[in-house]
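Q: For reference, the structure I am asking about is given below.
The values are calculated or read from the model by the stated rules, or taken from the named source; none is laboratory data. Owing to the predicted nature of the structure, the values given are computational and were not obtained by experimental measurement. Cβ placement follows ideal geometry from the backbone for every residue including glycine, while neighbour counts extend to all protein chains displayed.
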Amino acid sequence: MWTLTERIEHYAAIYGVSAEVMARVVECESGGNPRALGDSGKSRGLVQINRDYHPDISDNQAFDIDFSLDFLAENLAKGNGKWWTCWRNLQ
């Protein structure tokens, strides 16, 4: 079983993004809690995937650690870091 840090490093390596940035976004968005809810329940999971902006992503996906980290890493690689307030605060 991988730790959260090992999982972050894994997805960061796949997409060529910073594991440190990913870890800081995760900590800021959810405190590392994969069951976190924010924005009156609209933002879900480890990286707070908002259902209004991503209606195609189910609760099961949003609460899944690996799905969330893959989603974050892929979108950071695509230049979509601005989707996360915590990422914007790092800039």
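Q: Mind checking which residues of the range 44-56 are closer than 21 Å to Arg88 by Cβ, of a type outside the set (Lys, Arg) and surrounded by fewer than 18 Cβ atoms within 10 Å (Cβ to Cβ)?
A: Correct list: Asn50, Asp52, Tyr53, His54.
Q: Hey, another quick one. Are there any pairs, at least 6 apart or on different chains, whose C-beta atoms fall under 9 Å, with the first in the range 20-34 and closer than 15 Å to Glu9 by Cβ and the second part of a loop (DSSP other than H, G, I, E, B) and at pLDDT below 95, and if so, which?
A: Val25/Trp84
Q: Among the residues of the range 1-24, how many are surrounded by 15 or more Cβ atoms within 10 Å (Cβ to Cβ) and not in a loop (DSSP other than H, G, I, E, B)?
A: Of the residues in the range 1-24, 13 are surrounded by 15 or more Cβ atoms within 10 Å (Cβ to Cβ) and not in a loop (DSSP other than H, G, I, E, B).
Q: Evaluate the following for Ala73: is it in contact (Cβ under 8 Å) with a residue 24 or more places away in the chain, in contact with a helix residue (DSSP H, G or I) (Cβ under 6 Å, 6 or more places away or on another chain) and either surrounded by fewer than 16 Cβ atoms within 10 Å (Cβ to Cβ) or basic (Lys, Arg) (or both)?
A: Here the answer is no, as Ala73 does not meet what is asked.
Q: So, in the range 62-91, of the ones that are assigned to a loop (DSSP other than H, G, I, E, B) and modelled with pLDDT of 95 or more, which residue ends up nearest to Met1 (Cα to Cα)?
A: It comes out as Asp64.
Q: Scan the range 76-91 for residues that are touching a Cys at 6+ places or on another chain (Cβ under 9 Å) and surrounded by fewer than 18 Cβ atoms within 10 Å (Cβ to Cβ) and report the count. Let's see the steps before the verdict.
A: We begin by selecting, within the range 76-91, every residue touching a Cys at 6+ places or on another chain (Cβ under 9 Å); these are 84-87, 89-90.
Then drop every residue that is not surrounded by fewer than 18 Cβ atoms within 10 Å (Cβ to Cβ), which leaves 85-86, 89-90.
Of the residues in the range 76-91, 4 are touching a Cys at 6+ places or on another chain (Cβ under 9 Å) and surrounded by fewer than 18 Cβ atoms within 10 Å (Cβ to Cβ).
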